[in-house]
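These notes concern the structure reproduced below.
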Amino acid sequence: MKNLEPSLAAADANVAVRDDAIAVVAQTSDRPSRLEAASYRLGQWLRSPRPYLMLIGFALFLGFWYLTVEVWKLPRFSQMPGPTAVISEWLSPDPTYGLSLYSPEYYQHIWVSLRRVSIAFLLATATGVPLGLFLGWSQRFKDYVFPVFELLRPIPPLAWVPLAIIMFQGSETPIVFLTFLASFYATTLNTMLGVESIDVSFVRAAYCLGAKRQQVFRHVIVPGAMPFIFTGLQISVGVAWFSLVAGEMVSGQYGLGYLINTSYTMVQYPTMVIGMITLGVVGYVTSAGVRIVGNYLMQWRARELAMGGDK
Amino acid sequence: MRRPSKGEIRIANVVKIYGSEEVGIRAVDDCTFDVPAGKITVVVGPSGCGKTTLLNAIAGFHSITSGTIHLDDLMLCGPGRAQADPGPDRIVVFQNGALFPWKTIVENVAFGPIVQGRLPRKEAFDKARRMLAESGLHNLESNYPGEISSGMRRRVEIARALMNDPKVLLLDEPYRALDSLTKSVMHEALLEVFDRNQVTIFFITHDLEEAIFLGHRVVIMTTRPCRPKKILTVDIPHPRDYSVLTAKRFREYLDETVEAVHEEALKAFAAGERER
């Protein structure tokens with residue numbers, strides 16, 4: 001473990017090794033393996049104050065919730081289930097309102113929501129990224145398409161609900177459609193901005209070196225827009241959950257939005273809060289997943305940032 | 001040593017007006033001078049005087065309003081052809097550097113021959129590695145541009161240009177952002193590259209010492225609109241090294257240019273030209 005430290009420390013954000021004569025940093029041969037690097041980073045993280053501050057943050061939040069609801073019983077919080085009620089319901093093998101970590105139904109809800117978000121997110125990525133690339137690349141295409149896009153974009157997904165129900169059969173497709181919409185706007189817009197943010201020197205340099213138009217697109221426009229694309233995809237996952245819940249509250253048989261809404265109408269408040277917290281956790285995990293994929297695809301960026309972040 | 005008979009740029013009566021003919025800004029006005037083949041020609045002038053406009057016209061990034069620019073027998077732009085096509089016979093090294101940050105150093109250097117279809121991928125990479133080794137950059141191959149110093153990036157960028165055997169290198173204040181120590185190292189490296197390749201170099205700067213140290217010819221520009229005010233032939237033999245800086249002849253050339261440039265700088269200042 002000890003001999004691992006110098007080479008890893010060099011990749012660490014705070015240590016910038018800049019020397020004209022020697023390039024010690026990125027000698028691929030003595031790079032530690034991925035597993036070693038991960039365990040080293042975990043060790044560093046555990047030794048830093050960050051995980052403990054995080055725990056304190058959670059404790060304060062739970063404490064505040066506990067005090068307001070269960071100890072002080074403030075009037076505004078009188079209907080709200082306290083943390084003990086929620087947690088004991090959540091962990092109970094025999095829950096009062098029929099839903100906990102032990103009931104298969106709970107996972108059914110998560111699975112259905114996750115599936116809807118995934119389909120909508122993938123569709124939005126598959127259409128939004130190419131559309132955004134062309135919007136940024138061709139002024140003429142933008143002149144045709146962008147005004148319509150900008151007019152449709154402010155319409156909130158909820159306003160689409162009736163039309164979605166009229167347009168599509170069943171309850172599944174309208175929900176996926178609504179989820180798709182918000183994701184699609186975020187992805188397209190960020191991709192377009194990504195293309196527009198590319199320094200014109202890169203495009204000129206490529207032409208100078210003899211690249212044709214479509215080679216410039218492939219070698220400069222697509223990779224150059226990548227950081228913005230992934231920012232867009234992270235926003236896209238977030239808003240997908242957002243509009244998914246809106247859709248599920250209106251129609252559907254399963255899903256976390258549906259769960260929250262029905263437990264509200266059936267006065268099963270602890271279950272409602274379980275649904276909310278689960279949404280938070282699942283949403284965070286999907287968003288982190290997108291970030292990890294992004295970092296993997298843009299190693300040049302990760303390494304550049306590790307060197308001190310300047311251009 | 002290969003001495004190319006080609007690579008001469010002739011700029012004749014070039015005018016560039018931004019905006020409309022009547023009310024537009026006249027950036028370059030009736031500009032005529034030659035950039036001789038296999039020599040270093042340095043263009044100096046106050047910031048924002050239109051030097052870069054001229055370079056962009058040669059490179060094919062901008063159109064010109066009238067006049068002609070020839071590269072040897074080829075008319076790059078002129079009557080009926082307002083804008084040249086950019087191409088690997090004239091390669092630009094940019095002020096802020098334009099190595100693709102998403103490609104490794106060796107991928108950057110091999111880019112030209114690959115996209116032109118001149119070399120298969122593997123051969124292009126082999127040649128790129130040789131090119132980097134020649135410039136003493138061989139251990140950087142698998143790094144990304146963001147991981148190396150800005151001085152190194154400029155050298156890699158020149159290697160990337162030379163991979164294509166260009167007739168002309170167009171350098172737009174490439175060392176502007178570097179500190180003076182790095183700059184002196186860069187100058188010697190550039191002269192070394194020049195001695196090895198004998199490519200025509202068109203170099204823009206507003207640093208007079210740099211201009212005289214590097215140039216066979218120094219073209220001093222008037223402030224906007226831009227045209228040659230004075231053309232100086234620097235009669236100090238190549239290869240030069242840094243001992244030249246203290247030589248008496250060098251100082252004399254410097255005095256001569258300082259006076260001419262200072263006059264223009266005052267005019268530019270009075271006209272309220274913004275620092276670009």
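Gyration tensor analysis over the Cα atoms of the range A:134-184 returns equivalent ellipsoid semi-axes of 27, 11, 9 Å (largest first, whole Å). For the range B:210-276, relative contact order (Cα pairs under 8 Å, six or more residues apart, normalised by length) works out to 32 percent. State whether the range A:234-311 is rounded, prolate or oblate according to the following rule on the C-alpha gyration tensor (a ≥ b ≥ c being the square roots of its eigenvalues): a/c under 1.5 gives rounded; otherwise a/b larger than b/c gives prolate, and the remaining case gives oblate. It is prolate, given that a/c is not under 1.5 and a/b is the larger ratio. Magnitude of the charge dipole for the range B:119-276, about its Cα centre and with charges confined to Cβ atoms of Lys, Arg (+1) and Asp, Glu (-1), is about 480 debye. In terms of its Cα atoms, the range B:96-165 spans 30, 21, 20 Å along the principal axes, sorted from long to short. Considering only B:N164, A:P95, B:F194, and ranking their Cα positions along the charge dipole of the protein assembly as shown that arises from unit charges at the beta-carbon of Lys, Arg, Asp and Glu, the one farthest toward the positive end is B:N164. For the range A:101-220, the direction-averaged projected area of the alpha-carbon convex hull comes to 10.5 nm². Pairs of Cα atoms nearer than 8 Å and 6+ residues apart set the relative contact order; for chain B it is 26 percent. The share of Cα pairs per 5 Å bin across chain B, counted from zero up to the longest distance, runs 1, 6, 12, 16, 18, 17, 14, 9, 5, 2, 0, 0 percent. The distance from the alpha carbon centre of the range A:261-299 to that of the range A:94-172 is 15 Å, rounded to a whole number. I need the shape label for the range B:76-192. Rule: rounded when a/c is under 1.5, else prolate if a/b > b/c, else oblate, with a, b, c from the alpha carbon gyration tensor. It is oblate, given that a/c is not under 1.5 and a/b is not larger than b/c.
Note on chain B: GNM, Cα springs under 10 Å; of B:L208, B:L132, B:L74, the largest mean-square fluctuation is that of B:L74. Considering only A:V250, B:L178, B:P86, and ranking their Cα positions along the charge dipole of the protein assembly as shown that arises from unit charges at the beta-carbon of Lys, Arg, Asp and Glu, the one farthest toward the positive end is B:P86. Counting only Cβ charges, +1 for Lys and Arg and -1 for Asp and Glu, the dipole size of the range B:201-276 around its Cα centre is about 280 debye.
Roughly what % of DSSP beta bridges within the protein assembly as shown run antiparallel, to the nearest 5?
50 percent
By DSSP, the beta bridges lying fully in chain B are antiparallel in about 50 percent of cases. What is the sum of charges, Lys and Arg at +1 and Asp and Glu at -1, for the other residues whose Cβ falls under 13 Å from the Cβ of A:L99? Computed value for this residue: -3.
With coordinates expressed along the principal axes, the C-alpha atoms belonging to the protein assembly as shown extend over 97, 63, 52 Å, beginning with the largest. Taken along its three principal axes, the alpha carbon spread of the range A:168-311 comes to 68, 38, 18 Å, from the longest extent down to the shortest. Farthest toward the positive end of the dipole of the range A:105-220, out of A:V148, A:Q108, A:Q169, is the Cα of A:V148, where the dipole comes from beta carbon charges about the Cα centre. When only the Cβ of Lys, Arg, Asp and Glu is charged (+1, +1, -1, -1), the dipole of the protein assembly as shown relative to its Cα centre reaches about 680 debye. Would you please classify the overall shape of chain A from the alpha carbon gyration tensor, given that a ≥ b ≥ c denote the square roots of the eigenvalues, rounded means a/c under 1.5, and beyond that prolate means a/b larger than b/c while oblate covers the rest? Oblate, because a/c is 1.5 or more while a/b does not exceed b/c.
Laboratory data are not the source of any read-out in this text; all were calculated from the coordinates shown. Quick caveat: nothing in here was measured; it's all calculated off a predicted structure. Cβ: placed from backbone, ideal geometry, glycine included. Neighbour counts: every protein chain shown.
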